[in-house]
Amino acid sequence: MIRYARSGDRPAIAEVNRAAFARDDEARLIERLREAGDVLFELVSEADGEVGGHILFSRLWADREHLFAALAPMAVRPGLQRGGVGSALVRAGLENAKEFGAHGVLVLGHEAYYPRFGFSAETAGQVRAPYSGSPAFMAIALEPGAFDAPLSVAYPDAFSG
Ligand SMILES: CC(C)(COP(=O)(O)OP(=O)(O)OC[C@H]1O[C@@H](n2cnc3c(N)ncnc32)[C@H](O)[C@@H]1OP(=O)(O)O)[C@@H](O)C(=O)NCCC(=O)NCCS
């Protein structure tokens with residue numbers, strides 16, 4: 001089951017991120033994003049009452065009136081990986097981001113993973129951001145033409161903390 005994260009999920013979300021990344025950085029990033037009010041939404045995947053995966057979308061500051069979002073971080077509990085949980089979270093997250101009115105989503109992530117959902121480095125080619133130029137920096141348009149013109153985005157401060 002995929003649903004919005006609740007405040008009671010926070011310890012489990014931190015634990016899933018720590019376990020998946022084998023470090024504390026992403027759990028701390030999530031806390032900083034929440035404290036700054038920069039989270040657009042968080043989804044969790046739940047099975048048998050336990051959080052098995054988590055995905056977070058935050059807002060970006062673009063030099064346009066439209067909303068653009070960043071996908072980061074996402075994590076699936078190690079014992080549940082490669083079972084489709086991550087894919088379900090990305091797909092639900094993208095649908096939700098569109099409902100929130102986002103015109104496009106950016107991700108800095110595994111080059112072999114995100115293209116299956118429609119992300120590509122080519123789509124991010126005209127985006128000016130701290131990660132521009134990296135093949136791991138990818139974008140997906142949720143509205144037609146979202147990335148057809150040059151776009152500058154600033155990430156929430158939490159990402160540079
Ligand atoms: C990446 C992650 C979220 C994927 O979740 P998942 O539930 O395992 O993903 P799914 O089961 O939906 O998809 C599995 C596919 O993802 C691929 N995949 C998983 N981790 C990958 C990685 N690090 N790089 C490339 N592909 C990866 C698998 O090879 C598999 O591909 P296949 O379907 O062609 O066999 C999960 O592996 C994870 O939490 N990893 C550690 C944290 C992390 O790297 N987060 C993402 C940061 S960008």
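Bear in mind that the values in this text are calculations on the coordinates, not laboratory data. None of these values were measured; they are calculated from a predicted model. Here Cβ is always computed from backbone atoms with ideal geometry, including for glycine, and neighbour counts include all displayed protein chains.
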Quiz prompt | Members of segment 106-150 that are acidic (D, E) and without any contact (Cβ under 8 Å) to a residue 40 or more places away in the chain | solution = E111, E122, D148
Quiz prompt | Hits in segment 41-87 - residues which are more than 13 Å from the chain's Cα centre (by Cα), on the phi < 0 side of the Ramachandran plot, within 13 Å of the ligand (Cβ to nearest atom) and not in a strand (DSSP E or B) | solution = R77, P78, G79, L80, Q81, G83, V85
Self-check item: Pair list, Cβ < 7 Å and 6+ apart or interchain, from segment 58-77 residues that are aromatic (F, W, Y) to residues that are more than 16 Å from the ligand (Cβ to nearest atom) and part of a strand (DSSP E or B)
Solution: W61/V153; W61/A154; F68/A62; F68/A102; F68/H103; F68/G104; F68/V153
